[in-house]
Amino acid sequence: MSKTIFSLKERPSVPLEVEVFTPDVIAPLSRDEIRALPVFLGKRQCRLDDFFEVEGAGSDELEIHGDAGRVKWIGRGMTRGRITIHGDAGMHLGAYLKGGTIEVTGNASDWVGAEMTAGLIRIGGNAGGQIGAAYRGSLRGMKGGTILVEGSAGIEVGMRMRRGIIAVKGPVRDFAGLQMKGGTIVLMGGAEIRTGAWMVRGTIISLVPLRLMPTFSYACAYNPTFLRIYAKHLQAMGFTIPCEDQAGAYQRYTGDTSVPGKGEILVWRPHGS
Amino acid sequence: MLRIKGGKVYDPANGVNGVAKDVCVGDGKIVAEVEGGRTIDATGMVVFPGGVDVHTHVAGAALNFARAMIPEDHRRHKHFVRTLTTRGGIGGSTPTTFITGYLYAGLGYTTVNEAAMPILSARHTHEELRDTPIVDKSCLVLMANNEMLLDQIEAGELERARHIVAWNIWAAKAYGVKAVNPGGVTAWKWGKDAKSLNEPIAGFSKATPGKIISALANIVDDLGLPHPLHLHCNNLGAPGNYVTTLETMKLLDGNRAHMAHLQYHAYGGDDWSTMRSESVLIAEYFNAHPNLTTDAGAVLFGDTVTITADGPWQHILYKLTGRKWGNIDVENETGCGVVPYVYKEKNLVNAVQWAVGLELLLLIDDPWRVYLTTDHPNGAAFWRYPEIIRLLMDAQFRREQLKKLPPKALKRIFLAELNREYTLYEIAIITSAGPARALGLPQKGNLGIGADADVAIYNDSKDVFQMFSYPRYVIKGGEVVIEEGEIRKTVEGKGLLVRPTFDNKISDFIRPLFQQYYTMAFDNYPVEIERIEHPEFRPCKQSSR
């Protein structure tokens, strides 16, 4: 299958907003049309080829090379196809995503998959804060789809998320699942403080012990049936979560009772620990 | 100089009903004849006087608070990019200042009345109105919960109360007086509300909401203000509140009064599950009492944000929605609440509200006394007025819309039985000539000789939504500001003012109280006249009483 390849000429001095980096926009265009697409350097409107070398005509598969850590809005609202970023990606990667796959080999910045509704985002390195979150003022964050992070993530992971899965292998910072309304967050490397603050519904799974807020109360230890399905799904994507009775059990905490909420935090405890 | 040729003219102020004739403009006014100059061929179009909004919230601290509270609304709505003639900004429920001017002009509106301004943020309000181009502006100062005034009513010092009101109007550079939930906002500072007209309000032993209403209505009439007392009744939004509204209207016998957003005050039932429309009873009383005018405060389904000085009501609304809530305490003068809200078709209460607004517009016989508003942004944003015009002009379309409501709602409303359809002439009254008359602005809503040359020209089309959404030309003060769907020129609007007479010694009375109770220095409080852009004064008629 043909690809459209973009190579960043040099790291821009200020953030570059490239809202046109989606297969929906690029696929029907010729190479010359792609090169002329508008991008914004600060408040100035420029052409895409002022910053990127373009190879190939439009396709459903985009490849981005170079130091794109300051390139914002890659894959904004895309509905199909695939974007592969060899290197870092800037803020708002895959925001409002409606379908397709985005893969980053390096690190991503804040607001990955913010308010997305479907699709898959996979970050090879670390992610910033507010992944899968609601933008300021919005009532709901991500409503579906999957975000996978191999490294660590920042604050407010899954803030106000409604549905979907976020799985992070490394540690995350404060306020994971802040005001969460549904969906699942899998923390394989633990979290800093105030995990699940104001959560109303949804599930936060941690494979390492967490410092919980006093507004979460202990319910029981068990291995929920639904987790087997989640484990199988995540296993296929290289994320292993335990769910066998022989290995241990999840401590279930409910909260946040200050809201009051019916969310749950499941903390894995292997037998004998 | 300008001649508008061959259009069908609707000028209710002069009884002109769809007559094809020329309208001539010279020096910003309508004139009998012009020689030379530009000619606009308005064949196949209708010519209306520029729209006048009698009740809207477009500037001030509360509105800015709401803007800050709803960034999600700004993201969702249209962004306006700067052009050679216009500034950039955002639309939505609370458009930015410049965009507010463009959007109003874009509907053919040329005069707006900002209906709630505390003096403490009057300077801010006027600064924002300066940045709201094209339209002429007036504003009403909030008085019905002003502690200094309530103290006079408590003590029976009504003469001094009149001087205080007049001083406050001039200090705020206002055009009239607004009363919001009289006594209720003061009571809210004690965590209470004022639900009965005859019970003393919290913190007072004699002052009741009824006394405040009567005193203010008398004062406004005695001062001879061009616009009567602009009254937001007690118990807004509450099921069964039509009783309070009827009592209030009875209390106003012998005074002029404008009943603001009557839709929110015409509910029957005992609670949310039994809430129903009582528009028939309200309209019946209203029809028989020519001392009253009103505006619909109609509701349209969709997202918006509610902003009102009625703090206790906003707290109830927040408890109902569980969404966001903002509360502002405006020292000794008033309060304010902000709650983003979604009116839903499938919600019984919202369905009743939607129907009541339309019912009042259809049941009140005299279009000169009921005006088109949505209490922007409370019922819906003002730029949705064409949707209401369509509902008023097309009974068949109304019936189709009724099918979308929950079947239960149909038993609580009267809309299905109403077959009245507004004519273009009546639309010109409720959007322009009527509100101009209520505001005491004979030069507005009028295409007669000598009136301000504020004109809206629409396609004469069966699709009234399209027709009123996109005027072909809008002329403000004789300048063509909109043409072919583009803003060609952004003229500055005028500030409409009154200067009621008061005893200058009243400031000696106010000053020490002020220095004791306010956070602001007395000398910094009144707004300087230099702050008002192109001020224009309307005379006060001294009362014969």
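The residue of segment B:333-351 that is surrounded by the most Cβ atoms within 10 Å (Cβ to Cβ), among those that are of a type outside the set (D, E, K, R) and more than 22 Å from B:Pro312 (Cα to Cα), is B:Ala351.
To keep it simple, each residue is scored yes or no on (1) in contact (Cβ under 8 Å) with a residue 40 or more places away in the chain; (2) among the aliphatic types (A, V, I, L, M); (3) under 25 Å from B:Pro435 (Cα atoms).
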| position | (1), (2), (3) |
| --- | --- |
| B:Leu2 | yes, yes, no |
| B:Gly7 | yes, no, yes |
| B:Tyr10 | yes, no, yes |
| B:Gly15 | no, no, yes |
| B:Lys21 | no, no, yes |
| B:Lys29 | yes, no, yes |
| B:Gly37 | no, no, no |
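I'm trying to understand the selection: among the residues of segment B:63-105, which are under 22 Å from B:Leu142 (Cβ atoms), more than 14 Å from chain A (Cβ to nearest Cβ) and more than 15 Å from the chain's Cα centre (by Cα)? Correct list: B:Asn64, B:Thr97.
Checking each residue in segment B:453-480 for being over 18 Å from B:Asp11 (Cα atoms) and crowded, with 24+ Cβ neighbours inside 10 Å picks out no residue at all. Just for segment A:136-164: of the residues that are basic (Lys, Arg) and in contact with a strand residue (DSSP E or B) (Cβ under 7 Å, 6 or more places away or on another chain), which one is farthest from the other protein chains (Cβ to nearest Cβ)? Restricting to residues being basic (Lys, Arg) and in contact with a strand residue (DSSP E or B) (Cβ under 7 Å, 6 or more places away or on another chain), the top hit is A:Arg163.
Here A:Ala127 meets the list (1) aliphatic (A, V, I, L, M); (2) within 14 Å of chain B (Cβ to nearest Cβ); (3) closer than 24 Å to A:Arg11 by Cα almost entirely, failing just condition (2).
Scan A:Ala133, A:Ala167 and give me the residue that is within 14 Å of another protein chain (Cβ to nearest Cβ), surrounded by 20 or more Cβ atoms within 10 Å (Cβ to Cβ) and small (Gly, Ala, Ser).
Values: A:Ala167 fails: within 14 Å of another protein chain (Cβ to nearest Cβ).
Just one listed residue meets the conditions, A:Ala133.
If I ask for residues that are among the small types (Gly, Ala, Ser) and under 18 Å from B:Thr111 (Cβ atoms), which ones from segment B:487-539 would you list? Within segment B:487-539, B:Gly493, B:Gly495 meet the criteria. Restricting attention to segment B:72-126, the residues that are in contact with a Pro (Cβ under 6 Å, 6 or more places away or on another chain) and without any contact (Cβ under 8 Å) to a residue 24 or more places away in the chain add up to 0.
For B:Gly448, the requirement of being in a loop (DSSP other than H, G, I, E, B), buried (at least 19 other Cβ atoms within 10 Å of the Cβ) and not charged (D, E, K, R) is not met.
Restricting A:Glu150, A:Glu156 to those that are buried (at least 24 other Cβ atoms within 10 Å of the Cβ), touching a Gly at 6+ places or on another chain (Cβ under 7 Å) and at pLDDT 95 or above reduces the list to A:Glu156.
Filtering segment B:289-323 to residues that are within 14 Å of chain A (Cβ to nearest Cβ) and surrounded by fewer than 17 Cβ atoms within 10 Å (Cβ to Cβ) leaves B:Thr321, B:Gly322, B:Arg323.
Scanning segment A:246-273 for residues that are more than 12 Å from A:Trp198 (Cα to Cα), in contact with a Phe, Trp or Tyr (Cβ under 9 Å, 6 or more places away or on another chain) and among the hydroxyl-bearing types (Ser, Thr, Tyr) yields a total of 2.
The values are calculated or read from the model by the stated rules, or taken from the named source; none is laboratory data. Only a predicted model underlies this, so the values are computations on that prediction, with no experimental measurement involved. Quick reminder, even Gly has a Cβ in these numbers, built from the backbone with ideal geometry, and neighbours come from all protein chains shown.
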